1. Counting alpha carbon pairs within less than 8 Å and at least 6 residues apart, what relative contact order, in whole percent, applies to the chain?
2. State the answer as a single residue: which of Gly385, Thr184, Ile287 lies farthest towards the positive end of the charge dipole of the chain, with beta carbon charges of +1 for Lys and Arg and -1 for Asp and Glu, about the Cα centre.
3. Please give the FRET efficiency for Ser393 paired with Ile74, using the beta carbon to beta carbon distance and R0 = 45 Å, rounded to the nearest 0.05.
4. Let me check against my output: what whole-number percent is the relative contact order of segment 8-129, with C-alpha pairs under 8 Å and at least 6 apart?
5. Could you work out how far helix 350-360 tilts from the main Cα principal axis of the chain, as a 0 to 90 degree angle to the nearest 10?
6. Expressed in nm to one decimal, what extension gain is obtained for the pair Arg204 and Ser295 from 0.36 nm per residue of sequence separation less their Cα-Cα distance?
7. Mind listing P(r) for the chain? All alpha-carbon pairs, 20 Å bins, whole percents.
8. Once you place label points 7 Å from the Cα toward the Cβ at Tyr108 and Ile288, how far apart are they in nm?
Amino acid sequence: MVSSDRINENPTRKILGFGFFVQGFRCFPWMAVNFFLKDGLNVDPSTLQLLQNSANLPMVAKPFYGVVSDAVYISGQHRIPYIAIGALLQVVSWLAVATLSPSSMSIYTFSLFLLLSNLGASIAEVANDAIVAEVGKQPTSSSKSSQSSSSGELQAYVWMASSAGGVLGNLLGGIVIDRTSPQTMFLFFGLLLALQFFITLTVRESSLNLPKSTANAGIIKQLSELAVVLKKPEIAYPIAWFAASYAIIPALTGTMFFYQIEHLKIDSSVLGLSKVFGQAAMLLWSIIYNSHLKSVPPRKLISAIQALMAVLMISDVLFVKGFYRNMGVPDSLYVVIFSGFLEVLFFFKILPFSVLIAQYCPPGCEGSLMAFVMSAIALAFIASGYFGVALASYIGVTGNNFSRFPVGLLIQAVCTVLPIYWSSCIPDDVKSKSRRKKE
């Protein structure tokens, strides 16, 4: 384990820790976005989910941001400047929606600023992920076997920072959502991003001890190298499976949000507590993974998470049918514990998968490859969201008619199980393959 003294002395961990904390804290304004769309712009569940997923379209272009970050240096730096640019774009977008008059805010204007915000977040995340990949691959001692441990520790560290931001963001969001306007929440987050921007400007990339590059690779060459890497079966197959395992699931998050708020009359503070519970579970997951599960074969671990997701979706079917309510379990308790856990369980797979890909990532391609992975995941989530909208429309679920909602949840659970049958695309033992390569 990495000692606390070492964490405090390392500027890399400081900049990554704060960056991933802010990244996790993005749930704070996005909680306000949901209520602003529902109450301020009066959108229906399908439109809400369409807007949420469409706002993530800038995430799909992450490979391009990664290639640019790898190849184009700004003042001799190719990570820190992009974090600053990403933070600045987010500052502009959130402060704009915070200061514009609500009466003059159309759904198209609001969506445009959400796209700008996610563009900035994407650029910053790509740079942060590239730093994690670069630093995590460097051995922390003379022993080469420490490389895998170092990668897992750094991944778990930034995961914990992001989870901590998520816990605090959801906790504060649940508390203040009924006490202040969404635009006040947008303003607060915009100021936090401004702080990140100015802190980033004070950091010189040379202090991060990143691998040296003798010359700028050039965008065309970087794209060619990325294409070569993506042709390797040990990289292409896991990425394809991982993206498909999300895309095949019809997301019904917008419908569930309306069901809980409009049909069950769940208080918004309960939804905040649900998200806090979920983020706390994610934080605990990162600790457990780093301490006990790094040696578990990736295929076995990721498949187990996929199966658990399906089980909890079946539980949601029983919840909507009133099974737990008839047993004396309050709806609010189920929402806090089970709904909160299922929401973050979708992301549990990302930690072991990121460690897996980072170990296969060749030198000089960290930014573009990790960006491609995150882009594939983002595209899969968008496809999942559109799939969910189509499913809700097909079965006739609307903002005031949830009679066939259990059918949609059951279909969702069945789709979640399917990827397990071709999980052989995921390497079963990374360490043994690494040893064979060295030999």
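1. 29 percent
2. Most positive-ward Cα: Ile287.
3. On the way: r = 46 Å, r/R0 = 1.02.
Once rounded, the FRET efficiency stands at 0.45.
4. Details: 90 pairs, mean separation 41.3, N = 122.
Taking the mean separation of contacting Cα pairs over the length of segment 8-129, I get 34 percent.
5. Rounded to the nearest ten degrees, it is 20.
6. On the way: separation 91, 0.36 × 91 = 32.76 nm, distance 3.53 nm.
Working it through step by step, the gained length comes to 29.2 nm.
7. 25, 59, 16, 0
8. Going from the Tyr108 label point to the Ile288 one covers 4.8 nm.
The values are calculated or read from the model by the stated rules, or taken from the named source; none is laboratory data. Everything numeric here is computed off the predicted structure, so don't read it as measured data. Quick reminder, even Gly has a Cβ in these numbers, built from the backbone with ideal geometry, and neighbours come from all protein chains shown. The area values use the complete protein model at the heavy-atom level, side chains included, leaving out ligands, DNA and RNA. Shrake-Rupley method; radii C 1.70, N 1.55, O 1.52, S 1.80 Å.
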